[in-house]
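Remarks on the structure that follows.
Every read-out reported here was derived from the displayed coordinates using simple, explicitly stated rules and does not represent laboratory data. A quick note: this is a predicted structure, and the numbers were derived from the prediction, not measured. All Cβ positions, even for glycine, are placed from backbone atoms using ideal geometry, and neighbour counts span all protein chains on display.
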Amino acid sequence: MKIAISYPPIVNERGQVAMVSQNRNVQYFKEPTYLLPVIHAQAATWLRDMGYEVLWDDGNSQLKTFDRWYGDLLAAAPDMVVFESTTPVMKFYWKLVDRLKGDLPKTVVVMTGFHSMRRPAETMEQSRTDIVLRSNHVDFTLRRLVPYIDEHDDWRQSCELEGLWIRREDDTFRDTGNFKQVEPLDLSPDVDRDLVQWKNYAYENGNFLQTPGTYATSVIRDCMFGKCTFCRYNGPDLTFSIRSVEKSLDEYQRLIEDYKVKEIFDDSGVWYRGKQARQFARGIIDRGLHKKGVYFGLNTRFAYLDEETIALMGKANFRFILVGLEAADEYTLRRLNKGYLPRHIIPNLEWYTRYGMHPHLTIMIGYFWQTREMLDQTVNMVREAMFKGLARTLQVTICTPIDYTPYHAECIDQGVLLTDDYDDFDMSKIIVSTPLPHEEYYRAVREMYGVALHPLFLARQVRFLASGRRRDWQFLFTYGWRALRRVRQHIYNLTRAGTSGGDGPGGCGQSTTD
Ligand code: SF4
């Protein structure tokens, strides 16, 4: 069997490309950021190792136009195509699937991703999709499913592998029940970097101060915390699975020694904590990997890592710490079930900064309850953190209900959604009714991005140079212009017809990175 794991280029009317892949909310960007979908890449590697022909078909990172991508896919005529869904691109996918089934009627179309896994019947009804995967363990599920289809002509009737919705010959569909929530991640292979053409993802990514950079095979799948109401990792159907420290260290060593990468980012929803975090950092030091000039980065939460662990991570050469600052008022943090409070923010950031790391704040605005006072508290906290040098970069997104998370369900229950057209859920504008006019939130976003150009912030970066750390010099001189370019993009999006732009990739919840 030939299997294509496919990401079509999705371009909006402004020429911006949708960045779709696991862990992130879709956003449209003119300046590209190419994100490696790690679980799908593991699936591709595993199927290839099992002897199947695999086509790694990421039209975005391969710089294809939609027409070229589609033409190439038709020419390849795979037996199976695997897509990844999320709310704002569902309508696009449903149309695409029907077109593809018209052109390649024998190809089995499999839909993965958080939207369709929570609403499988909808995708079956709205398109000619053959199978919806309800599990985020795409690699484990495909590893079982592909051989089954390969060996059973009657798979539409007979397949009982768990966690699937399958279309029968007569166009009805059936549900094979719940999927396995926890999988032994050590069984799934490390991503084959050559198969996925890793260099396509190694440069255009704001998480990397040095290039080439790459994403590690994630140590945690979904999230160990998993309670934040807006996050796709929250749900009764989800828990988390974990990869061993040693296996991950082996991969880091290979990436550094064989592939000569300069920065490695782990895009787990939230990275290790406690004992495992310390074991990992010690392992990096014991193997001498901290002396190779390579930086390490991760997603984490406030009130998660203690000072001892952070100190060890500093020694091990960790740099980029992406942390969600969803709001700075207690009411919102409690309502979002974030598990931290405003008083945790500054002390946590002080630790990261003390041990030489570069915290990146991912801020959200536009909750349907957010008052002027709440909004101001967030803006003031962000200004304080940035001016004091406690955070180096930031990115602000509109909290958009997607993928039928608890927040999405709450917006529906409360009747605050202003649209039910999935195309409007692309994080480019506020789509809930709010206590303040929407323009007030957009103004707050502009104000927060403006911090990156503020003399106080710039002066603080110059003072960091006295530390003598190479990363601080790189930050100011190498990364600075890249950051400016991206800030310009956000401000462009924000000032365009009063809408608000988000940005790049991200791990923790709705966060995205710059
Ligand atoms: S927002 Fe972050 S901490 Fe919260 S459930 Fe999602 S990944 Fe986990």
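For segment 168-187, which residues satisfy the criterion of being part of a loop (DSSP other than H, G, I, E, B), acidic (Asp, Glu) and surrounded by 11 or more Cβ atoms within 10 Å (Cβ to Cβ)? Spell out the reasoning first.
Initially, segment 168-187 is screened for residues part of a loop (DSSP other than H, G, I, E, B), giving 168-172, 176-184.
Of the ones still in play, those that are also acidic (Asp, Glu) are 169-171, 183.
Once the filter is applied, which keeps residues that are part of a loop (DSSP other than H, G, I, E, B), acidic (Asp, Glu) and surrounded by 11 or more Cβ atoms within 10 Å (Cβ to Cβ), segment 168-187 yields only Glu183.
So, in segment 349-360, of the ones that are of a type outside the set (Val, Ile, Thr) and part of a helix (DSSP H, G or I), which residue ends up surrounded by the fewest Cβ atoms within 10 Å (Cβ to Cβ)?
Restricting attention to segment 349-360, the residues satisfying the condition of being of a type outside the set (Val, Ile, Thr) are 349-352, 354-360.
Imposing the further condition that a residue be part of a helix (DSSP H, G or I) reduces the set to 349-352, 354.
On the way: Leu349: 23, Glu350: 17, Trp351: 21, Tyr352: 25, Arg354: 13.
For segment 349-360, the residue satisfying everything is Arg354.
Working only within segment 208-228, note down all residues that are away from the ligand (no atom under 16 Å from the Cβ) and assigned to a loop (DSSP other than H, G, I, E, B).
The answer is Phe208, Leu209, Gln210, Thr211, Pro212, Ala216, Thr217.
If I filter segment 57-73 down to residues being more than 9 Å from Asn200 (Cβ to Cβ) and of a type in the set (Ser, Thr, Tyr), which single residue comes out as surrounded by the most Cβ atoms within 10 Å (Cβ to Cβ)?
The residue in question is Tyr70.
Select the helices (runs of 4 or more DSSP H) contained entirely in segment 240-348, then report the ones holding at least 3 residues which are crowded, with 19+ Cβ neighbours inside 10 Å and either in contact (Cβ under 8 Å) with a residue 40 or more places away in the chain or away from the ligand (no atom under 16 Å from the Cβ) (or both). Before you say what the answer is, go through the steps one by one.
Values: elements: 245-257, 274-286, 307-315, 330-335.
In segment 240-348, the matching helices (runs of 4 or more DSSP H) lie at 245-257, 274-286, 307-315.
In segment 410-463, which residues are buried (at least 16 other Cβ atoms within 10 Å of the Cβ) and among the basic types (Lys, Arg)?
Listed by number, the residues that qualify are Lys429, Arg443, Arg460.
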